[in-house]
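Worksheet: the structure to be examined is printed underneath.
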Amino acid sequence: MKGVSARRRATDRTMLTFLVLAVLLALVPLASILVEVILKGIGAIHGLSFFTQPPPGDANASGGGLANAIIGTLTMVALAAVVFIPLGILGAVYLTEFASGNRLSRAVRFFAEVMTGVPSIMVGVFAYSILVVLVFHHFSAIAGAFALGLIMWPIVLRTSEEMLSRVPTSVREASLALGTPKWRTVLKVVLPSAAAGLTTGSMLAVARAAGETAPLLFTALGSQYISFKLAQPMSALPLEIFSGAQSPFPDQIQRAWAGALTLIALVLVLTLVARFVAAKRSV
Amino acid sequence: MLGASALLLALALMVVRFLQLSWPVWKAHGLGWIVGTHWAPAEGIFGALPFIVGTVVTSVIALVIGTPIALGTALFVSEIAPAKIRRPISDLIDLLAAVPSVIYGLWGIIVVLPLLQPVEQFLADSLGRFIPIFAGPPSGTSFFAAGVVLAIMIVPTISAVTREVFVTVPQDVREAAFALGATRWEMIRYGVLPPAQAGIVGAVILGLGRALGETVAVLLLIGQIPSISKSIFSGGYSMASVIANEFGQSQEPLHLQALIAIGLVLFVVTVLMNIFARLLVGRAKA
C-alpha cells in the first residue's frame, strides 16, 4: 500500500467497512429471528400436550396445542411430495437423458426458474380455481397439498436437472457399451449416482413448501380440529401462526410462537440436512 | 416428456384460468379500473390503484434498503472474506431465505414495529417537515414497516445471485488490478463490478419480483387500508395482501373476480420480470 494517496486509502477503508457492515446488517435480523422464536417458543410450549392437543375452542383460553396444525402440515406436505417430487425428477430425467440440448428442454428449464418466482398467493388462487371451484366445491387438504406441490415441482425439476447433468457422460457411455438398454442405464446407473443431489433438491423443496402460508388460505383453509380427512379442510402450522399474529389474545399469540418454533425447527432441520447431504456426497 | 412439458402447460393453464375467472371485470370496466383510486366492494366500486401503489411503494423501500446490503454481503463473501469464513457466511445469509414468510410477519409485528417507532417519529419530525413522503404522524403498521421487513427478505435472493455472478469474473482481472497498484476497493469498483453489471441488474429484478409477490408478511405489517397516502409512514395495502385478506370474505361475485383480476396483473408482471431477469443473469454468467 506504499504510494497510495491518503484519499484513495480512506475510500478503500470506508468501502470495506461498509461491506462488513452490510454483512452485520444481514445477520442481525437472522440472529434476532432465531433468538426470539426460540425463547418465546420454548416459553410457550408447556409440555407434550402442545404436540398432542388441538387449540382450545375459545381462542382466548390458555392451554391446548397445535396438534391439528402439525398433523396438517405433515399430511399435506407428504401428499404433495409423494406426487410432485417424482413428477419433478421424471421431468428432469427426460430433460437430461432424452432431450438434452433441444429447444423444449431449454424452454422447460427456463420456465421452471420463472415458475419459482410466481407469487405463491397466485398458486393458491390457481389451486382454488381448479380443486375448490371445479372438483370439490369446498375447501380441502387435497387442494392445499396440490398448491404446495405446484410450489415444490419447479424447484425439484430445476435442482434434479442440474444434479443429473453433473453425472459424467462417460458413466452413461460405459453402461451403454455393456449393452445395457437406455432405461436400465438411467435407472441403475444415472439416478443412483445422482441420488445425493436429488435428495438435496427434494428436501429443499419440501422445506420451502412446509413454510408457505398464502397458498393454503383458500385451499386447505384451516381447521381447529385434528383431522386426517383429505377431502375436508385442514390446518397447517403457517396458518395457525398467521392467525396468531393477527390475534388480540395473548394465549393465541403464545401458541403462534410455539408454532413458529416448531415450523422453523422443521424447516431448518430439512435445509441443514439437505446441505449436509449435498456437501457429503456430491457427484 | 410429460413430466417436463406439463410444467409449461401448468403455467399456461394458470393464465387461462385467471383470465377466465376475472373476465367479467375486464368486460365491464375495460382497463380503466386498474387506475381507479376508490375501492369499495360493498358498493360495487373496484379501483386497483391503491393496491398497485402499495405494492410499488413497499417494494421500492425494500430495494432501496435491501440492495446495498445484499451487494455488500455478496462482495464481502466473494472478494474480501478470508477463505475460511466464506462458506459459513454465505450459508447463514442463505438461511434468511429459508425462514418462512409468516415468521417474518410475526417477528415484524412483535419485534420490528416497536423498534421502528422512534425511527419513524424522528424522520417525521425532521425530514417530514419538508418532504411529504416522510410526513407524520407515523401509524405503526405502514408502508415503511412492510418495506423494511421485505428488505430483509429479499437480501438472500439478491445476494445469492450476485455472488454467483461475481464468481464468474475471471481471477486475472483481480490480479491485473492489483498489479496496477489498485486498492481492494478499486479492484472491486473497476475490475469486478463493470463486467457484473447486467447480472446485478438481473439479481435486483429477481429481488423485486420476490418483494412484489410477498403476501403474508406484508399483510401483517402494512396496515390494510385501501387508500393512497402521500407518506410512507401511513398504512396502506398491497396487491398480494388484499387478495389474501378479502378473497375468503368476498360475498359478491364481482368482488372475487376483481381480486383475481388484480392477481392476474400481479402474476403477469412478476412472470415478465422474472423472464427478463433470468435472461440478464443467464447472459452475465455465460
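Residues B:Ile154, B:Ile188, B:Ile158, B:Ile222: which one is within 14 Å of chain A (Cβ to nearest Cβ) and over 30 Å from B:Ile131 (Cβ atoms)? If you could, list the steps in order and put the result at the bottom.
Numbers: B:Ile154 fails: over 30 Å from B:Ile131 (Cβ atoms); B:Ile158 fails: over 30 Å from B:Ile131 (Cβ atoms); B:Ile222 fails: over 30 Å from B:Ile131 (Cβ atoms).
Step by step, each of B:Ile154, B:Ile188, B:Ile158, B:Ile222 is checked, and only B:Ile188 is within 14 Å of chain A (Cβ to nearest Cβ) and over 30 Å from B:Ile131 (Cβ atoms).
Filtering the range A:191-248 down to residues that are over 15 Å from A:Met76 (Cα atoms) and assigned to a loop (DSSP other than H, G, I, E, B), which residue is farthest from the other protein chains (Cβ to nearest Cβ)?
A:Tyr225
Within the range B:115-133, is there a residue that is in contact (Cβ under 8 Å) with a residue 60 or more places away in the chain, in a helix (DSSP H, G or I) and in contact with a strand residue (DSSP E or B) (Cβ under 7 Å, 6 or more places away or on another chain)? Give the steps one after another, and end with the answer.
Residues of the range B:115-133 that are in contact (Cβ under 8 Å) with a residue 60 or more places away in the chain, as a first pass: B:120, B:123-124, B:128, B:132-133.
Then keep just the ones that are in a helix (DSSP H, G or I); that gives B:120, B:123-124, B:128, B:132-133.
Cutting the leftovers down to in contact with a strand residue (DSSP E or B) (Cβ under 7 Å, 6 or more places away or on another chain) gives us none.
Taking every residue of the range B:115-133 in turn, none turns out to be in contact (Cβ under 8 Å) with a residue 60 or more places away in the chain, in a helix (DSSP H, G or I) and in contact with a strand residue (DSSP E or B) (Cβ under 7 Å, 6 or more places away or on another chain).
Within the range B:100-110, how many residues turn out to be over 20 Å from A:Pro215 (Cα atoms), within 7 Å of chain A (Cβ to nearest Cβ) and buried (at least 24 other Cβ atoms within 10 Å of the Cβ)?
To start, the set of residues in the range B:100-110 that are over 20 Å from A:Pro215 (Cα atoms) comprises B:107-110.
Then keep just the ones that are within 7 Å of chain A (Cβ to nearest Cβ); that gives B:107, B:109.
Cutting the leftovers down to buried (at least 24 other Cβ atoms within 10 Å of the Cβ) gives us B:107.
Selection size over the range B:100-110: 1.
Please enumerate the residues belonging to the range A:111-161 that are at the interface with chain B (Cβ under 8 Å from one of its Cβ atoms) and of a type in the set (D, E, K, R).
Within the range A:111-161, A:Glu113 is the sole residue that qualifies.
Give the range A:256-283 a look and list any residue that's more than 9 Å from every other protein chain (Cβ to nearest Cβ), surrounded by 14 or more Cβ atoms within 10 Å (Cβ to Cβ), modelled with pLDDT under 95 and in a helix (DSSP H, G or I), or say none.
Correct list: A:Val273, A:Ala274, A:Val277, A:Ala278.
Does the range B:241-253 hold any residues that are touching a residue at least 60 places away in the same chain (Cβ under 8 Å) and surrounded by fewer than 19 Cβ atoms within 10 Å (Cβ to Cβ), and which are they?
B:Ser250, B:Glu252, B:Pro253 - these are the residues of the range B:241-253 that are touching a residue at least 60 places away in the same chain (Cβ under 8 Å) and surrounded by fewer than 19 Cβ atoms within 10 Å (Cβ to Cβ).
Which one of the conditions (1) within 12 Å of chain B (Cβ to nearest Cβ); (2) surrounded by 13 or more Cβ atoms within 10 Å (Cβ to Cβ); (3) more than 30 Å from A:Trp153 (Cβ to Cβ) does A:Thr17 fail to meet, given that it meets all the rest?
A:Thr17 satisfies all of (1) within 12 Å of chain B (Cβ to nearest Cβ); (2) surrounded by 13 or more Cβ atoms within 10 Å (Cβ to Cβ); (3) more than 30 Å from A:Trp153 (Cβ to Cβ) except (2).
Name the residues in the range A:115-159 that are free of Cβ contacts under 8 Å to residues at least 40 places away in the same chain and assigned to a helix (DSSP H, G or I), would you? Spell out how you get there, then give the answer.
Filtering the range A:115-159 for residues free of Cβ contacts under 8 Å to residues at least 40 places away in the same chain gives A:115, A:117-118, A:122, A:126, A:129-130, A:133-135, A:137.
Passing the criteria: A:Met115, A:Met122, A:Phe126, A:Ser129, A:Ile130, A:Val133, A:Leu134, A:Val135.
Mind checking whether some residue in the range A:52-62 is out of contact with any Phe, Trp or Tyr (no Cβ under 7 Å at 6 or more places or on another chain) and farther than 22 Å from A:Leu239 by Cβ? Show your work before the answer.
Within the range A:52-62, the subset out of contact with any Phe, Trp or Tyr (no Cβ under 7 Å at 6 or more places or on another chain) is A:52-53, A:55-58, A:61-62.
With farther than 22 Å from A:Leu239 by Cβ added as a condition, the list becomes none.
No, the range A:52-62 contains no residue that is out of contact with any Phe, Trp or Tyr (no Cβ under 7 Å at 6 or more places or on another chain) and farther than 22 Å from A:Leu239 by Cβ.
Would you check which residues across the range A:41-55 are in contact with a helix residue (DSSP H, G or I) (Cβ under 8 Å, 6 or more places away or on another chain) and either in contact (Cβ under 8 Å) with a residue 40 or more places away in the chain or within 23 Å of B:Trp107 (Cβ to Cβ) (or both) and list them?
Initial filter on the range A:41-55 (in contact with a helix residue (DSSP H, G or I) (Cβ under 8 Å, 6 or more places away or on another chain)): A:41-45, A:50-55.
Matches in the range A:41-55: A:Gly41, A:Ile42, A:Gly43, A:Ala44, A:Ile45, A:Phe50, A:Phe51, A:Pro54, A:Pro55.
Take B:Ser126 and decide whether it is of a type in the set (Ser, Thr, Tyr), away from chain A (no Cβ under 13 Å) and closer than 16 Å to B:Lys230 by Cα. Steps first, answer last, please.
On the way: of a type in the set (Ser, Thr, Tyr): yes; away from chain A (no Cβ under 13 Å): yes; closer than 16 Å to B:Lys230 by Cα: no.
Criteria not met by B:Ser126.
Return the pairs, sorted by first residue and then second, in which the second residue is crowded, with 19+ Cβ neighbours inside 10 Å and among the charged types (D, E, K, R), the first residue lies in the range B:264-284 and is within 8 Å of chain A (Cβ to nearest Cβ) and closer than 14 Å to B:Gly207 by Cα, the beta carbons are less than 8 Å apart, and the residues are 6+ apart or on different chains.
If the second residue must be crowded, with 19+ Cβ neighbours inside 10 Å and among the charged types (D, E, K, R), the pairs left are B:Asn274/A:Glu113; B:Arg278/A:Glu113.
Could you please let me know if A:Ile38 is touching a residue at least 40 places away in the same chain (Cβ under 8 Å), more than 10 Å from chain B (Cβ to nearest Cβ) and of a type outside the set (Gly, Ala, Ser)? Working first, answer last.
Numbers: touching a residue at least 40 places away in the same chain (Cβ under 8 Å): yes; more than 10 Å from chain B (Cβ to nearest Cβ): yes; of a type outside the set (Gly, Ala, Ser): yes.
Criteria met by A:Ile38.
Checking A:Ala99 against (1) surrounded by fewer than 23 Cβ atoms within 10 Å (Cβ to Cβ); (2) under 29 Å from B:Trp107 (Cβ atoms), only one condition comes out false. Which one?
Single failed check for A:Ala99: (2).
Looking at the range A:166-192, which of its residues are of a type in the set (S, T, N, Q), buried (at least 18 other Cβ atoms within 10 Å of the Cβ) and out of contact with any Leu (no Cβ under 8 Å at 6 or more places or on another chain)? Before the answer, list the steps.
Initial filter on the range A:166-192 (of a type in the set (S, T, N, Q)): A:169-170, A:175, A:180, A:185.
Cutting the leftovers down to buried (at least 18 other Cβ atoms within 10 Å of the Cβ) gives us A:175, A:185.
Scanning the range A:166-192 gives a single hit, A:Ser175.
Take the conditions exposed (fewer than 14 other Cβ atoms within 10 Å of the Cβ), in a helix (DSSP H, G or I) and either at pLDDT below 95 or not β-branched (Val, Ile, Thr) (or both) and apply them to A:Arg8. Does it pass? Reasoning before the result, please.
Details: exposed (fewer than 14 other Cβ atoms within 10 Å of the Cβ): no; in a helix (DSSP H, G or I): yes; either at pLDDT below 95 or not β-branched (Val, Ile, Thr) (or both): yes.
Criteria not met by A:Arg8.
Taking the residues in the range B:73-99 that are over 27 Å from A:Ile264 (Cα atoms) and among the small types (Gly, Ala, Ser) as candidates, determine which candidate is surrounded by the fewest Cβ atoms within 10 Å (Cβ to Cβ).
Restricting to residues being over 27 Å from A:Ile264 (Cα atoms) and among the small types (Gly, Ala, Ser), the top hit is B:Ala83.
The values are calculated or read from the model by the stated rules, or taken from the named source; none is laboratory data. What you see is a predicted model, and the numbers here were worked out from it, not measured in a lab. We place every Cβ from the backbone using ideal geometry, glycine too, and count neighbours over all the protein chains shown.
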